[in-house]
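To start, the structure itself, in structure tokens.
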């Protein structure tokens, strides 16, 4: 009887390992895919970068650039919200590390749920913590780049001077703001995959299915959404 129990436990451990490896491949693989030059140019981020270039070109033609500073401030506020939320989530996850015994009866009432050992419970919590720490660094780096964009806008020359350099200055601003948007997008994508990781607390196969669903939904929104088609239309 003990041997059978050990074999079942070993089999279930392998299910967790396979699900975790599948998750890492999907998360890292999709990030690598989205940054590939061949596919990056077709993404929603790339299309909106064209509008960022138009924004910077218009900014160079304006004498009063308060609207540009307000726009950057609005973008900063949304990122600050996510960065603050990430800190609260990390605090909650640190608390959850010692709540295995309290959570087990709740999870056991879910159909097809597979209970975790205390060790696996901590591993699942640690995975979420690593993901949210990664997201926090992405959000704060994006926020810092928007701060630099504010300085860039103030430092830009007047609209009636250095006309020959306006295009290069606008290109610099486009890259700065576009890179900030890219890191914000990476942080937001991490949130999507973290939602899939929650399914691991119920069952590793559900974890794999949720991960595949996140990849599908994220890819559809970034490469095949109605919003992308509308913005890409000339």
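Structure notes:
- For residue 47, the stated conditions hold: it is more than 18 Å from residue 146 (Cα to Cα) and out of contact with any strand residue (DSSP E or B) (no Cβ under 8 Å at 6 or more places or on another chain).
- For residue 172: the one exception among (1) under 15 Å from the mean Cα position of the chain (by Cα); (2) closer than 21 Å to residue 40 by Cβ; (3) surrounded by fewer than 16 Cβ atoms within 10 Å (Cβ to Cβ): (1)
- Pair list, Cβ < 8 Å and 6+ apart or interchain, from the stretch 73-96 residues that are farther than 13 Å from residue 133 by Cα to residues that are in a helix (DSSP H, G or I) and at pLDDT below 90: 96/103
- Among (1) modelled with pLDDT under 90; (2) exposed (fewer than 12 other Cβ atoms within 10 Å of the Cβ); (3) part of a helix (DSSP H, G or I) - the single one residue 74 does not satisfy: (1)
- In the stretch 117-126, residue nearest to residue 91 (Cα to Cα) [restricted to those that are surrounded by 14 or more Cβ atoms within 10 Å (Cβ to Cβ) and in contact with a helix residue (DSSP H, G or I) (Cβ under 6 Å, 6 or more places away or on another chain)]: 125
- Those helices (runs of 4 or more DSSP H) of the stretch 99-199 in which 3 or more residues are at pLDDT 80 or above occupy 118-155, 166-197.
The values are calculated or read from the model by the stated rules, or taken from the named source; none is laboratory data. Just so we're clear, the structure is a prediction, and the values are computed from it rather than from any experiment. Please note: Cβ atoms are built from the backbone with ideal geometry, for glycine as well, and neighbour counts cover all protein chains shown.
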